Each structure stands twice: as structure tokens, then as C-alpha cells.
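Worksheet: one structure, shown below.
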Amino acid sequence: MMKGEVKMNVEKSPEKESLSWLPALVTIGIVLMGASWAVLGYFKYGFWVNNGPGGGFFPVLAGVGAAVLGTYELLFSPVRARAVGTRSLWPAAAMAITVASIPLVGMVLAMALFIVLWILVIERKAWYKAVLTGVGAGVAIYLVFALWLKVPFPQGFFLEMMQ
């Protein structure tokens, strides 16, 4: 220590120390989800059907891309993420809840509800803006993917019971 320097004791945050493993765990989750999208898209929905792209075409491409980029991030990325706080887990938790609700309410409704709740809880915007945005996004997703592209979205337990 040089003359005139002050020695400071710096305490590490227990929250940051306890979550230091989280970036690697999230990256592994991305690789696994990407691989499962690719497998389901290829085998369940069909990658190439009747001389054209099938319902699994985009899930296979997106899944392979996510798995490859996640693997690269895990193994070769020179940037190491710092530990994050628990508030940073909210997006992952929200998406996990959304994905878990798909078998009950269906893909389109789950995504619309995710958007509404995100705008209300995280963005703290007015309820009517959240509802209009969520309904608009749900309608757009349905029109583009279900009607125009004929992508077979999961309907969910409740919609299947109504039919």
C-alpha cells in the first residue's frame, strides 16, 4: 500500500454470490429448449410436408439456432455475465408460467395473457392499454400463424372441451 492510500473493506452481497451460477444455468436451459423445439418440430409437426415447409419448419430452424448459439455462449463466449439479482429472474419466470399454461389455455391465449400481464405488472401501464395490446397481439398471432400460415398451435384443454 502506498502512502496516502486508504484501505477499504468491501463486503460482497450474499444475493450476488448465491446467484453467480444463474447465467450458465439459463444458457443450458436455452440449449435444452432449443433442442426440444427442433426435435418436436421435426418429428411431431413435420419439417417438410407435401413439397413445402410444414408446421415444424420454423420451430426446427429456431430450435437449432437457439441450441447452437447457446452452446457457443456456454463454451466460447469471452464475455462472462455477472451475477444477477432476483428481479432479473422475472422474465424467465413469466415465460415459464406462460409455457406451463399452454396445455390449459392454448398457445394464442397464453401469449396474449403474457403480454397483458407483462404490461400491467412490469411496465405498469394502464389496464386498457395492456388489454388492447394483448388482444391485438393475440388476434395478429392467430391471423398470421393459424389462418394464413396454417401452423397447428396447441389449442389447450379448455378450448378442446368447448369444441
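The values are calculated or read from the model by the stated rules, or taken from the named source; none is laboratory data. All values reported here derive from a predicted model rather than from experimental measurement. Neighbour counts are summed over all protein chains in view; Cβ atoms, including those assigned to glycine, are modelled from backbone coordinates with ideal geometry.
Only one of these is closer than 30 Å to Leu147 by Cα and modelled with pLDDT under 90: Gly63, Gly34, Gly4, Gly55. Name it.
Gly55
Would you point out which residue out of Phe114, Phe153, Phe158, Phe145 is part of a helix (DSSP H, G or I) and in contact (Cβ under 8 Å) with a residue 40 or more places away in the chain?
Of the residues listed, the single one that is part of a helix (DSSP H, G or I) and in contact (Cβ under 8 Å) with a residue 40 or more places away in the chain is Phe158.
Taking the condition of being exposed (fewer than 11 other Cβ atoms within 10 Å of the Cβ) and at pLDDT 60 or above, how many residues in the range 7-24 meet it?
1
Could you please let me know if Tyr72 is outside the structural domain of Ile141 (by TED's automatic domain parsing), of a type outside the set (Val, Ile, Thr) and either closer than 23 Å to Phe153 by Cα or assigned to a loop (DSSP other than H, G, I, E, B) (or both)?
no
Which residues, counting only those in the range 85-111, are hydrophobic (A, V, I, L, M, F, W, C), in contact (Cβ under 8 Å) with a residue 40 or more places away in the chain and loosely packed, with under 15 Cβ neighbours inside 10 Å?
Leu89, Ala92, Leu104
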